[in-house]
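Undergrad: The structure that follows is given in the form of C-alpha cells.
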Amino acid sequence: MLQPYTMWSPSAITFANVNSVGSSPFDIFVNTNNTIYVANQANSRVLVWTQGSTWPIRYLSSNLSSPYSLFVTTTGEIYIDSASSTGRIDRWTPKASSGVPDILYCSMQSSHQIVSKALKTNSNAFAIVVGTGSAGYAANMLNQPWGIFVDINFDLYVADSNNNRIQLFRPGQLTGITVVGSTSINLTISLSYPTGVALDFDGYLFIVDKYNHRIVGSDSSGFRCVVGCTNTVGSNTNQLYYPTSMSFDSYGNIFVTDTTNSRIQKFIRLNNSRVPSYNQPKFCSDASWNPNATTFANATNGTIGPSPYGIFITINNTIYVADRSKYRVQIWSNGSATPSQSIYGSLMNSNSLFVTTNGDVFVDNGYYNGRVDKRTTIANTSVPVMYISSSCYGSFVDLTDVVYCSMSNYHQVVKRWVNDNSSTVTVVAGTGSAYNSSYYLNRPMGIFVDINFDLYVADQYNHRIQLFRSGQRYGITVAGSASPNRTISLAYPSGVVLDVDGYLFIVDSYNHRIVGSSSNGFRCIVGCSGIGNASDRLRYPTSMSFDIYGNMFVADTSNNRIQIFNFFTESCGKYTKMKSSEAIKD
C-alpha cells in the first residue's frame, strides 16, 4: 500500500539495457515475489529475472514472435502476446520451455477493441468486451487502445491512447467513463497518447503518459507527475523517451520500459518519513497579527547589513538571513537575540536561501559565481549543487531533494535533483522571454513548492501569483492581475508562502505590505498603513517566513531590517503552540 504523497527518486537506475532487452522493449511485469518479466520484442523472447539477480535467469522463446505484452498469474503461469504473427496469446506453465495457446483479455489496437476469452472453455471464440471496431471518440468507442487493467471488481481500465484518456468500463457495460485526461468529468491531468495504466491497492491510478515522456499518478490529493517530470525528452537518468509500460515491485519501486532508449528504468521509492523543514502553521479564518512590529535585526546595530533579501525559519525556530551586502548568511538559534553563527564561503550578493531538515543550507551564489551552493552541517563545507546564469531571487528544495531557482533576469524557474549525475537544469516555468500569458513569467521572484509538487511563483512584473501544477508549464493565476477568481490587487509581489491548509501569504512589495488569504478571501495583514519606517510600516519588503508560533518575520529590505509581527493568539480563541501543522484550537 502506497501512503499519501509517496515520492520516487527523480533519477532512475538502469535495470537492463539494449544488451539484454534488445531494442524497443514494450512490456514489463513484476510479480509479488519480485520476479521481473520483460517482453523482448526485437529478439522474440521473454526475459526473466528473479529478485536480486542482475542478469536474466531464464529465456522463453519457443513459438514466440515479437511479443508486445505479457501477464503472470499467482501460480506462475505466463500469458504472452504473440498475436502479431501467430494470432494468439500463449500460456507458459512454470516448468515449461514452450507455450500452450490460450487467450485472456487482449487490447487489439488496430481493431480499436478489447476482447476476452474464458480460460476454461474449449471454444476458440472470443467475446468483444468494449469498442465498436471503428476508431472513435464517443463513450462506447476507442481509438488505438493500448494498456489495460482489470481490478478485483472486474472493472476494466483502458489506456485509450489516441483519444488521450483513460476509460473505465464497469462489468458488462459497453459505455466508458473518462476517469483521466480529455473530457474527464473531474479535474485530473492532461495526457498525450497514454499507453499503460495500473492501480495501487487503494485504487489510485498510475499512467504511462507516453508522448509526454513521463509517469503520472494519483492519490488522495489528486494527480501529479511522478517520474520523468523534466518536460523534455532524453536519455538522462531523470528522463524517459516514449515509455510504454510500467510495473511496481513489492517495495513500491517503479519499473518502466523506456522504449526508445531501449532500457528498463527503476525509480526507487523514497522514504515517506520526511516532513517539510519550514513552518506551516494552521490559522483560523479570523487570524490577526500585531500591526506594530518588533525589530529583530537591522543594519544600525550591525547584526545584518543593508538591504536584506532572503529569510528562512526552520521547524526548530532557527532563523537564517541572506545578508547579501556582507556576503554571508547570519544564523540565530531559537531564542537568541544575536547571531550564533555566520556562513561565508565566497558568497556574493545572495538573494535567497533554503534550509533542509538535516540542516543543509542552500544559498544563492549566482550573481558573480553562477551557482547555488550547499553548506553541509556534517562536513562544514560548501559544494555547488546547481549552475545557473543569474541570481536566484527565490530558492526552494522539495521533499525529493530537487532544488528550484527563480532566475528573475531570465524570466524562468529551473530545477535540478541534488544527486543527479548530470549538471543540466530543467526549466519548470517560463520561456526565457518576458510576457504576461499563462506560459510566461516576467521577473519571477519568490517561489514555493507544496507537498503535491505544485509550484507557486511570485510573478513580479506581471503583478500576480502563478500556480504551475506538477509537470505542467501552463500557469494558473491564483492572486493578482487577471485571476479568474476575485482575489486582491498586487504591485510587484516578491514572495509567497502557504500555510498548512494551502492558504496564500504574499509579500506585496510595491504596496509595502503582506497580504493573506483564508476561507473569507484575501485581506491586508500587516503593513496596511502605507510606506514608511515606523513599526507598523514597511518599505519594499522582499520575503517572509513563519516561526513555530505563527509569528511573521519579514525582510523589510529598504528599511534595512528584519521585522517580527507577532501573532495575536486571542484572535483565534484558546491557543496551543503550533509546530508546522499543529492546530489553533477554539
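The values are calculated or read from the model by the stated rules, or taken from the named source; none is laboratory data. Treat the numbers as computed from the prediction; the structure is a model and nothing was measured. Because the Cβ atoms are built from the backbone with ideal geometry, glycine has one as well, and the counts that use them run over all protein chains shown.
Undergrad: Would you tally the residues in region 32-49 being without any contact (Cβ under 8 Å) to a residue 24 or more places away in the chain, within 16 Å of Trp92 (Cβ to Cβ) and assigned to a loop (DSSP other than H, G, I, E, B)?
TA: Total satisfying the criteria: 1.
Undergrad: Still on this structure, I have one more. In region 432-449, which residue that is of a type in the set (A, V, I, L, M) and out of contact with any Leu (no Cβ under 7 Å at 6 or more places or on another chain) is nearest to Cys405 (Cα to Cα)?
TA: The residue in question is Met445.
Undergrad: Would you please name the residue that is surrounded by the most Cβ atoms within 10 Å (Cβ to Cβ), looking only at residues in region 465-482 that are part of a strand (DSSP E or B) and free of Cβ contacts under 8 Å to residues at least 40 places away in the same chain?
TA: Here the answer is Gln466.
Undergrad: Residue by residue through region 306-328, note down the ones that are without any contact (Cβ under 8 Å) to a residue 40 or more places away in the chain, crowded, with 21+ Cβ neighbours inside 10 Å and of a type outside the set (Lys, Arg).
TA: Scanning region 306-328 gives a single hit, Asp323.
Undergrad: Same structure, new question: Considering region 324-348 alone, what residues qualify as being small (Gly, Ala, Ser) and assigned to a loop (DSSP other than H, G, I, E, B)?
TA: Ser333, Gly335, Ser336, Ala337, Ser340, Gly345, Ser346
Undergrad: May I ask you to list the residues in region 1-43 that are modelled with pLDDT of 85 or more and β-branched (Val, Ile, Thr)?
TA: Across region 1-43, the qualifying residues are Ile13, Thr14, Val18, Val21, Ile28, Val30, Thr32, Thr35, Ile36, Val38.
Undergrad: Of all residues in region 368-380, which are outside any loop (DSSP other than H, G, I, E, B), modelled with pLDDT of 90 or more and either small (Gly, Ala, Ser) or within 19 Å of Val321 (Cα to Cα) (or both)?
TA: Those that are outside any loop (DSSP other than H, G, I, E, B), modelled with pLDDT of 90 or more and either small (Gly, Ala, Ser) or within 19 Å of Val321 (Cα to Cα) (or both): Arg371, Val372, Asp373, Lys374.
Undergrad: For the condition assigned to a strand (DSSP E or B) and free of Cβ contacts under 8 Å to residues at least 24 places away in the same chain, what is the one hit in Ile166, Ile128, Ile152?
TA: Ile128
Undergrad: Something else about it: For the list (1) at pLDDT below 95; (2) closer than 23 Å to Thr303 by Cα; (3) not charged (D, E, K, R), I need the number of the one condition that Gly573 fails.
TA: Among (1) at pLDDT below 95; (2) closer than 23 Å to Thr303 by Cα; (3) not charged (D, E, K, R), the lone unmet condition for Gly573 is (2).
Undergrad: Further question on the same structure: Would a scan of region 262-272 turn up a residue that is touching a Leu at 6+ places or on another chain (Cβ under 6 Å), buried (at least 16 other Cβ atoms within 10 Å of the Cβ) and assigned by TED's automatic domain parsing to the domain that holds Val18? Let's see the steps before the verdict.
TA: The initial filter retains those residues of region 262-272 that are touching a Leu at 6+ places or on another chain (Cβ under 6 Å), namely none.
No; the residues of region 262-272 include none that is touching a Leu at 6+ places or on another chain (Cβ under 6 Å), buried (at least 16 other Cβ atoms within 10 Å of the Cβ) and assigned by TED's automatic domain parsing to the domain that holds Val18.
Undergrad: Those residues that are buried (at least 18 other Cβ atoms within 10 Å of the Cβ), in a loop (DSSP other than H, G, I, E, B) and touching a residue at least 40 places away in the same chain (Cβ under 8 Å), I need them from region 237-260; list them, please.
TA: Of everything in region 237-260, those that are buried (at least 18 other Cβ atoms within 10 Å of the Cβ), in a loop (DSSP other than H, G, I, E, B) and touching a residue at least 40 places away in the same chain (Cβ under 8 Å) turn out to be Thr237, Asn238, Pro243, Thr244, Asp249, Asn253.
Undergrad: Could you list all residues from region 159-212 that are among the charged types (D, E, K, R), more than 20 Å from Phe468 (Cβ to Cβ) and crowded, with 21+ Cβ neighbours inside 10 Å?
TA: Passing the criteria: Asp160, Arg165, Lys210.
Undergrad: State whether the residues of region 187-206 include one that is in a helix (DSSP H, G or I) and either modelled with pLDDT of 95 or more or in contact with an Asp or Glu (Cβ under 9 Å, 6 or more places away or on another chain) (or both). Before you say what the answer is, go through the steps one by one.
TA: We begin by selecting, within region 187-206, every residue in a helix (DSSP H, G or I); these are none.
No, the conditions are met nowhere in region 187-206.
Undergrad: At pLDDT below 95 and of a type in the set (Lys, Arg), is that true of Arg486?
TA: Taking the combined requirement at face value, the residue satisfies it.
Undergrad: If you don't mind, there's one more thing I want to ask. Restricting to region 150-168, and then to whatever is modelled with pLDDT under 95 and not aliphatic (A, V, I, L, M), can you tell me which residue is farthest from Ser69 (Cα to Cα)?
TA: Within region 150-168, the match that is farthest from Ser69 (Cα to Cα) is Asn153.
Undergrad: Could you list, in sequence order, the residues of region 333-387 that are touching a helix residue (DSSP H, G or I) at 6+ places or on another chain (Cβ under 7 Å) and surrounded by fewer than 22 Cβ atoms within 10 Å (Cβ to Cβ)?
TA: Listed by number, the residues that qualify are Ser346, Met348, Asn349.
Undergrad: Considering only residues that are under 23 Å from Val150 (Cβ atoms), part of a loop (DSSP other than H, G, I, E, B) and in contact (Cβ under 8 Å) with a residue 12 or more places away in the chain, which ones fall in region 50-90? Walk me through it before giving the result.
TA: From region 50-90, those under 23 Å from Val150 (Cβ atoms) are 67-84, 87-90; that's our starting set.
Filter once more, so that each one left must be part of a loop (DSSP other than H, G, I, E, B): 67-69, 73-77, 82-84, 87-88.
Selection gives Pro67, Tyr68, Ser69, Thr74, Thr75, Gly76, Glu77, Ser82, Ala83, Ser84, Arg88.
Undergrad: Can you name the number of the only condition in (1) farther than 21 Å from Asp556 by Cα; (2) out of contact with any Cys (no Cβ under 6 Å at 6 or more places or on another chain) that Gly366 fails?
TA: Just one mismatch for Gly366, condition (2).
Undergrad: If you don't mind, another one. Looking at region 524-549 only, could you name the residues that are under 22 Å from Ser307 (Cβ atoms), part of a strand (DSSP E or B) and without any contact (Cβ under 8 Å) to a residue 40 or more places away in the chain?
TA: Ile531, Leu538
Undergrad: Of Asn485, Asn462, which residue is surrounded by fewer than 24 Cβ atoms within 10 Å (Cβ to Cβ) and not aromatic (Phe, Trp, Tyr)?
TA: Checking each option against the conditions leaves just Asn485.
Undergrad: Exactly one of (1) part of a strand (DSSP E or B); (2) touching a residue at least 12 places away in the same chain (Cβ under 8 Å) is unmet by Val383. Its number?
TA: Failing condition for Val383: (2).
Undergrad: Now, a different point. Only one residue in Tyr105, Tyr137 is within 19 Å of Ile89 (Cβ to Cβ) and either hydroxyl-bearing (Ser, Thr, Tyr) or surrounded by fewer than 20 Cβ atoms within 10 Å (Cβ to Cβ) (or both), so which one is that?
TA: Going through Tyr105, Tyr137 in turn, just one is within 19 Å of Ile89 (Cβ to Cβ) and either hydroxyl-bearing (Ser, Thr, Tyr) or surrounded by fewer than 20 Cβ atoms within 10 Å (Cβ to Cβ) (or both): Tyr105.
Undergrad: Further, regarding this structure: Which of the residues belonging to region 288-312 are under 22 Å from Asp536 (Cβ atoms) and not in a loop (DSSP other than H, G, I, E, B)?
TA: Trp289, Thr294, Thr295, Phe296, Ala297, Asn298, Ile311
Undergrad: When region 289-305 is examined, which residues are found to be within 15 Å of Asn560 (Cα to Cα) and surrounded by fewer than 24 Cβ atoms within 10 Å (Cβ to Cβ)? Before you say what the answer is, go through the steps one by one.
TA: Step one: list which residues in region 289-305 are within 15 Å of Asn560 (Cα to Cα), which gives 293-305.
Thr294, Thr295, Phe296, Asn298, Ala299, Thr300, Asn301, Gly302, Thr303, Gly305, listed by residue number.
Undergrad: May I pose another question? If you go through region 451-458 one residue at a time, do you hit one that is within 16 Å of the chain's Cα centre (by Cα), within 20 Å of Ser543 (Cα to Cα), free of Cβ contacts under 8 Å to residues at least 40 places away in the same chain and not in a loop (DSSP other than H, G, I, E, B)?
TA: Scanning region 451-458 turns up no residue that is within 16 Å of the chain's Cα centre (by Cα), within 20 Å of Ser543 (Cα to Cα), free of Cβ contacts under 8 Å to residues at least 40 places away in the same chain and not in a loop (DSSP other than H, G, I, E, B).
Undergrad: Moving on to the next point. Could you list all residues from region 329-351 that are at positive phi and touching a residue at least 40 places away in the same chain (Cβ under 8 Å)?
TA: Quick first cut of region 329-351, residues at positive phi only: 335, 345-346, 349.
Matches in region 329-351: Asn349 only.
Undergrad: While we're here: How about region 73-83: which of its residues are under 17 Å from Pro25 (Cα atoms) and either surrounded by fewer than 18 Cβ atoms within 10 Å (Cβ to Cβ) or among the hydrophobic types (A, V, I, L, M, F, W, C) (or both)?
TA: Result: Ile80, Ala83.
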